[in-house]
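Asker: My questions will all concern the structure given below.
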DNA sequence: ACTAAGCTGTGAAAGTCGTAACAGCGATGC
DNA sequence: GCATCGCTGTTACGACTTTCACAGCTTAGT
């Protein structure tokens with residue numbers, strides 16, 4: 001029933017990471033404005049986001065770091081963890097494998113897939129690479145319900161359909177294409193080229209502003 | 001004075017890429033609903049976005065692909081092109097270099113930087129790697145005003161400050177940290193971990209919905 | 001005991017963004 | 001020539017986000 005917005009979910013994930021750092025620094029409690037400052041948002045935003053998960057702090061001590069971390073975890077995570085497939089073991093795919101290798105115990109990349117026969121059956125950053133054609137079978141065997149697409153744009157739609165048919169409910173898509181999938185699949189796009197072009201545009205704009213100011 | 005929103009800029013970049021594909025397919029004109037379908041948005045959105053750049057189509061023929069591509073380019077790009085520095089030549093950094101190598105003529109990654117002496121002075125995917133300590137000097141010599149941060153979170157803030165002092169106006173940040181920089185620097189964050197956790201959450205949610213339905 | 005200070009939780013205002021709807025125009029067919 | 005059709009440009013509306021502002025609570029100090 002908690003119709004929590006996309007943006008809030010993203011920030012909760014961020015808060016949790018910051019809270020883990022705070023735990024490492026031996027902090028036991030934190031105020032909304034401190035967490036806000038670390039996250040780069042306003043204090044009111046933090047409080048409103050935490051409303052969504054129903055966790056209450058104390059007016060005098062703020063939030064208990066350990067408890068809040070747990071509350072966010074119970075809200076965001078599946079208790080048994082979720083298995084993820086990576087499709088496309090090129091430069092980007094390998095970087096993703098390296099990045100997530102053993103990082104999040106609840107989000108495990110348990111299989112990689114590629115067309116290239118040279119990569120198949122090799123183990124890369126602790127993850128075995130399978131033939132792309134075996135995806136349906138392997139996905140069912142390993143109980144995979146999430147996919148990361150790191151293939152060229154031209155192949156992304158085909159891969160998305162394969163994953164969808166294999167029972168995947170969520171996709172993280174690095175290919176610069178808008179995927180067409182059914183409503184049972186949530187898609188999050190990361191478009192590096194577009195992001196860089198946004199930076200280029202706004203860098204130019206702020207540079208102009210600075211020039212015009214004095 | 002075009003106070004164009006962030007989201008619109010992102011979509012313009014996307015439209016341009018789609019228009020280039022259309023050009024490759026010998027299409028000469030396109031209707032808003034066609035472009036919308038390719039981009040995964042509504043036709044009204046496309047028309048509204050194009051309002052921002054002041055390009056007008058024809059009621060009968062829609063938009064001329066070639067002219068519209070040019071108009072978006074004049075709006076988004078710097079006529080002389082912009083030079084970009086990449087900081088951090090790890091797995092992700094190399095993937096980014098490979099990805100952009102000679103792709104966008106207007107957005108050139110002209111230098112890479114890393115602490116690791118083993119990487120310094122090597123040429124990776126056509127880009128020379130410099131000592132991180134030489135960043136200020138090289139950035140000025142090569143007229144660099146944009147940076148891509150692909151270093152671990154613990155070093156990201158230091159790198160951002162170095163780049164900012166070297167005259168950079170825009171940053172694309174892959175480190176999971178919110179950077180503190182002055183108002184003359186635009187920052188765009190790409191947080192892969194958070195994106196994956198969002199997918200995990202919504203995948204779970206849609207899976208539950210499907211289960212509850214029948 | 002009582003005041004003062006500082007934080008949380010939350011209703012309401014402000015702002016942002018996307019969508020619907022329609023007037024206007026150019027082409028086409030009769 | 002005139003009506004019709006389909007698409008564009010634009011305005012108005014609605015949905016969603018963020019921020020503001022304040023009541024309520026809890027502790028510390030006098």
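The values are calculated or read from the model by the stated rules, or taken from the named source; none is laboratory data. All values derive from a computational prediction rather than experimental measurement. Counting neighbours? That spans all protein chains shown, and the Cβs are built from the backbone with ideal geometry, glycine included.
Asker: Show me the strands (runs of 3 or more DSSP E) entirely contained within segment A:142-214 in which 3 or more residues are touching a residue at least 40 places away in the same chain (Cβ under 8 Å) and touching a helix residue (DSSP H, G or I) at 6+ places or on another chain (Cβ under 9 Å).
Answerer: Once the strands (runs of 3 or more DSSP E) in segment A:142-214 are filtered for at least 3 residues that are touching a residue at least 40 places away in the same chain (Cβ under 8 Å) and touching a helix residue (DSSP H, G or I) at 6+ places or on another chain (Cβ under 9 Å), what remains is A:144-149.
Asker: Here's something else I'd like to know. Quick one: would you say residue B:111 is modelled with pLDDT of 95 or more, in a helix (DSSP H, G or I) and more than 17 Å from residue A:192 (Cα to Cα)?
Answerer: So residue B:111 fails the test.
Asker: Quick test of your reading of the structure: residue A:54 fulfils all but one of (1) on the phi > 0 side of the Ramachandran plot; (2) within 16 Å of DNA strand D (Cβ to nearest atom). Name the failing condition by number.
Answerer: Unmet for residue A:54, out of (1) on the phi > 0 side of the Ramachandran plot; (2) within 16 Å of DNA strand D (Cβ to nearest atom): (2).
Asker: So, in segment A:23-43, of the ones that are closer than 17 Å to residue A:70 by Cβ and in a helix (DSSP H, G or I), which residue ends up farthest from DNA strand D (Cβ to nearest atom)?
Answerer: That would be A:24.
Asker: Output the residues belonging to segment B:50-85 that are within 11 Å of DNA strand C (Cβ to nearest atom), without any contact (Cβ under 8 Å) to a residue 24 or more places away in the chain and assigned to a helix (DSSP H, G or I).
Answerer: B:51, the sole residue that qualifies.
Asker: Just checking, how many residues over segment A:14-24 are touching a residue at least 40 places away in the same chain (Cβ under 8 Å) and crowded, with 19+ Cβ neighbours inside 10 Å?
Answerer: 4
Asker: Return yes or no: is residue B:158 surrounded by fewer than 14 Cβ atoms within 10 Å (Cβ to Cβ) and under 20 Å from the mean Cα position of the chain (by Cα)?
Answerer: Here the answer is no, as residue B:158 does not meet what is asked.
Asker: Given the criterion in contact with a strand residue (DSSP E or B) (Cβ under 6 Å, 6 or more places away or on another chain) and more than 7 Å from chain B (Cβ to nearest Cβ), identify the matching residue among A:150, A:156.
Answerer: After ruling out the rest, the residue left standing is A:156.
Asker: Exactly one of (1) more than 9 Å from DNA strand C (Cβ to nearest atom); (2) more than 19 Å from the chain's Cα centre (by Cα) is unmet by residue A:43. Its number?
Answerer: Residue A:43 satisfies all of (1) more than 9 Å from DNA strand C (Cβ to nearest atom); (2) more than 19 Å from the chain's Cα centre (by Cα) except (1).
Asker: Being more than 24 Å from residue B:22 (Cβ to Cβ) and in contact with a helix residue (DSSP H, G or I) (Cβ under 7 Å, 6 or more places away or on another chain) is true for just one of B:82, B:45. Which residue is that?
Answerer: B:82
Asker: How many residues does segment B:54-73 contain that are modelled with pLDDT under 95 and either within 14 Å of chain A (Cβ to nearest Cβ) or loosely packed, with under 14 Cβ neighbours inside 10 Å (or both)?
Answerer: The number of residues fulfilling the criteria is 6.
Asker: For segment B:93-105, how many residues are surrounded by fewer than 24 Cβ atoms within 10 Å (Cβ to Cβ), facing chain A (nearest Cβ under 8 Å) and either over 15 Å from the mean Cα position of the chain (by Cα) or in a helix (DSSP H, G or I) (or both)?
Answerer: Final tally of qualifying residues: 5.
Asker: Cβ-Cβ below 7 Å, separation at least six or inter-chain, first residue in segment A:25-38 and within 11 Å of another protein chain (Cβ to nearest Cβ), second within 13 Å of DNA strand C (Cβ to nearest atom) and assigned to a strand (DSSP E or B): which pairs?
Answerer: none
Asker: Out of A:11, A:47, report the one residue that is in a helix (DSSP H, G or I), surrounded by 13 or more Cβ atoms within 10 Å (Cβ to Cβ) and more than 13 Å from chain B (Cβ to nearest Cβ).
Answerer: A:47
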